[in-house]
Amino acid sequence: RLKAKGSGVISIQNEMIHFLILQPLLIGLIFAFTGWLPTLCYLGSALLGILFFETVNYLEHYGLRRRQKENGAYERVLPIHSWNSNHVLGRAILFEVTRHSDHHFLASRKYQILRNHDDAPQLPAGYPVMVMCALVPPLWFSIMHKHMDKIKAERIKLGNPISSIP
């Protein structure tokens, strides 16, 4: 994109360079105005936020696949390509992230009004429980693989073996 604009990769137009400069600058400012302890608290909370985000992203898409078309492209992202959880407590605590399938269906929909999709695969428990399970891989694999086998068997029984679960 930068080349199309007539800029080089290393230029003021490259937003990634902005972020590479702004992040250490922010941390430096926090340290300059508050000292070591608040800076370490900031870095610790940032690390926890990143770990939580990546854990949620992992569980939202675990074991689900999009089909590849004959032309090599993948099918459009649909609600069946992410796990949902319609548990009230998790929905309230996590600002409707548990209805991730609706985000896949319509990415522009505001998080406050995300809907549940009955055709989307449902996690065996709410997001708070599943996040904790994902932190213990043997427990996670045991729970999820049994659950995915159960979903596949139900779909075959209903005459709908086509699913995003391999």
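The values are calculated or read from the model by the stated rules, or taken from the named source; none is laboratory data. The structure displayed is predicted, hence computed values, not measured ones. Neighbour counts are summed over all protein chains in view; Cβ atoms, including those assigned to glycine, are modelled from backbone coordinates with ideal geometry. These area figures cover heavy atoms from the full protein model, side chains too; ligands, DNA and RNA do not enter into them. Shrake-Rupley method; radii C 1.70, N 1.55, O 1.52, S 1.80 Å.
Brief remarks follow.
- Calculated diffusion of the range 1-122, Stokes-Einstein form, Kirkwood radius summed over Cα pairs, 20 °C and 1.002 mPa s, µm²/s: 119 µm²/s
- Surface composition of the range 73-132: carbon and sulfur make up 66 percent of the accessible area, probe 1.4 Å.
- Computed packing ranks the peptides 122-131, 51-60 as 122-131, 51-60, most packed first, by mean other Cβ atoms within 10 Å.
- In the context of the full set of protein chains, the chain has a per residue accessible area of 69 Å² (1.4 Å probe).
- Sorting 1-7, 73-79 by average packing, meaning the other beta carbons within 10 Å per residue, from highest down gives 73-79, 1-7.
- Paired Rg and Dmax values of the range 118-158, which use every Cα atom, in angstrom: 11.3, 33
- Taking the range 37-166 and dividing mean pair separation by its residue count, relative contact order in percent (alpha carbons under 8 Å, at least six apart): 24 percent
- Long hydrophobic helices in the chain, taken as whole DSSP H segments with a C-alpha length of 15 Å or more on their own axis and mean Kyte-Doolittle hydropathy at least 0.0: 15-34, 36-61.
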